[in-house]
Every structure is written in C-alpha cells, then in structure tokens.
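Below is one structure, written out as structure tokens, with a few remarks after it.
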Amino acid sequence: MADARKRGAGRIYCAGDITGYGPFPDQVCEFLQESQIDAITGNYDIKVLMVIKKGAASVADLQRKKQKILLWTATHIKQRTQEYLAGLPEQLHIDLPGGLKLLLVHGTPLSNDDDIYSSITDRGLKAKMGDAQTDILVCGHTHIPFVKKVSEVLVVNCGSVGQPVDGDPRLSYAIVSSDDDNPPRGRIVRVEYDIKKLVKALRETSLPKGLRKDLTLGTKRMFLQ
C-alpha cells in the first residue's frame, strides 16, 4: 500500500485470493476493510467458504497439501471474516478517465478458476471473454504478472502480493494509468518485503512446510512435489 501510494496510485483494488496459503487471513481481510479497498473474491476464498459450509469432503478432489491449506484457513478465520468474504462480488466494472472501462476479475470473465497467461492470443482471449466487453482487463489467479495488448484490450495480470511463482520472491502488483490524452497503460511493480518474518509466522502454524521454501524461492515447484 505504501509503495503504491508513493507511486501515485489514486484507487487501489484487490483481485481476490485474499485467504489461503498465508498465516494471517483475518488480519488481511480486516486491513482491506479498514483501508476501504474494493475487492473481489478469488477461487481460494470461495473454496474456504465451501469447506466451512460443507466440510472437508467438498475439496476431497484437490491435491492433499492444498486440502490442508484450505482446512487450516477454514478453521482459523472469524465469523466476521467469513461474512466479509461471502459478501464480495466476483467482478468489478470500473469507469476510468477518458471514458475507458476496466473489468477486474480473478481468473477470467468466465470463471475465477480459469487462467490467462502472457501467451494469450487474440483468439484465445476472445474465447475467455464471453459476453464481456472492456478496454482493460485486470486479472490474477496465476500469480504470474504481465502486461500485454491483445487485439483492442489491455490485459494486465497483477501477479501476487506475497505468493509469487515465477522465480522472483518479491511481491508484485500492477499500476494501470488512464487519461484523456494517452492510451491506457499498465506496468508491473516488484517490491521487497520481509519474507523471513512471514516464514517465521508460517513455522508457528500447521500449514505445509513446503510453503516456506516456496515463498523464499518465489516458486510453487517445491510445494507441488
């Protein structure tokens, strides 16, 4: 937040996956609310709520360590956090200066479990847009940030604040700019943060040990083995 403000960010949004993987689910949700940051729900947020409502059987088809993460999170969040997550929209439609439209999704306009990578083509993006029409599409989910103009749409994957998987352990977020005189622009920002402090906090939980190395390396490879 401090870095984004310092760089001139006027409005800040969260693209989902607020819970899962991290040891501070309540604190993160409280921070977003106190900071009045508009957010959407991510696939992990929905899965956490599913576990709370239907039990462990609802995620039995997932990889074992992912199940462990979801079960831990579901049993370590307050009722207030559950209500906050349940009340989040799946998408946000945002009007920007210059008459431009921005669509914020977690995965794609079709599903928060779907992916958009930097290799996306015009045809591929069209298939993932459904009926959605926008000038700027901002997504997350893959934790791999990029900015790319695809056909007439500026596609921005903001990456992940704290759980990168592209080999760079720094957190990432995206800055999108729009004005009357220039086409929309996007750029990825990487920021150092106290990984050791986070790893120490993880060590005090029963979350999978592999997460500590993943965070240190900025990769998911070790966690998936």
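The values are calculated or read from the model by the stated rules, or taken from the named source; none is laboratory data. Note that the structure is a prediction, hence the values are computed from the model and not measured. All Cβ positions, even for glycine, are placed from backbone atoms using ideal geometry, and neighbour counts span all protein chains on display. Remember, those area values only see protein heavy atoms, side chains included, never the ligands or the DNA or RNA. Shrake-Rupley method; radii C 1.70, N 1.55, O 1.52, S 1.80 Å.
Tabulated values for the structure
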| item | result |
| --- | --- |
| Fraction of antiparallel bridges per DSSP, the chain only, in percent to nearest 5 | 65 percent |
| Kirkwood Rh, angstrom, the range 175-216 [1 / mean 1/r, Cα pairs] | 13.3 Å |
| Unsatisfied cross-links (Cα-Cα over 32 Å) in the set LYS149/LYS200; LYS126/LYS209; LYS68/LYS197; LYS68/LYS149 | LYS149/LYS200; LYS126/LYS209; LYS68/LYS149 |
| Per-residue HN-Hα couplings for the range 45-54 [Karplus 6.51, -1.76, 1.60; θ = phi - 60°; Hz; x = Gly/Pro] | 4, 5, 5, 4, 5, 5, 5, 4, 7, 10 |
| Trypsin sites (Lys or Arg not before Pro) restricted to DSSP loop in the range 122-216 with at most 16 other C-beta within 10 Å | ARG170, LYS209 |
| Cα-only radius of gyration and Dmax that characterise the range 113-225, units Å | 16.5, 52 |
| DSSP beta bridges in the range 128-183 [antiparallel fraction, %, rounded to 5] | 55 percent |
| For the chain, built as a Gaussian network whose Cα springs stay under 10 Å, the top-fluctuating residue of LEU102, LEU137, LEU32 | LEU32 |
| Table column - 3J(HN,Hα) (Hz), the range 148-154, Karplus curve with 6.51, -1.76, 1.60, x for Gly and Pro | 8, 8, 10, 6, 9, 10, 7 |
| Highest-fluctuation residue, GLY87, GLY107, GLY20 considered, GNM on the chain with Cα pairs under 10 Å | GLY87 |
| Nearest-ten-degree value, helix 64-74 long axis tilted from longest Cα axis of the chain | 90 degrees |
| Translational diffusion coefficient (Stokes-Einstein; Kirkwood radius from C-alpha pairs) of the range 1-66 at 25 °C, 0.890 mPa s, in µm²/s | 181 µm²/s |
| Alpha carbon Rg of the range 35-120, scaled by the compact-globule rule 2.2 N^0.38 Å | 1.29 |
| Förster radius 22 Å - calculated FRET efficiency between SER35 and LEU71 (Cβ-Cβ, nearest 0.05) | 0.20 |
| Residue of GLN163, GLN33, GLN91 that the Gaussian network model of the chain assigns the largest fluctuation, springs spanning Cα pairs under 10 Å | GLN33 |
| Value of D in µm² per second that Stokes-Einstein yields for the range 63-183, Kirkwood Rh from Cα pairs, at 20 °C (1.002 mPa s) | 134 µm²/s |
| Heavy-atom accessible surface of the range 14-167: percent carbon and sulfur, 1.4 Å | 50 percent |
| Hull shadow area, averaged, the chain [alpha-carbon convex hull, nm²] | 12.4 nm² |
| Computed lengthening from LYS101 to ASP131, 0.36 nm per intervening residue step minus Cα-Cα distance | 9.4 nm |
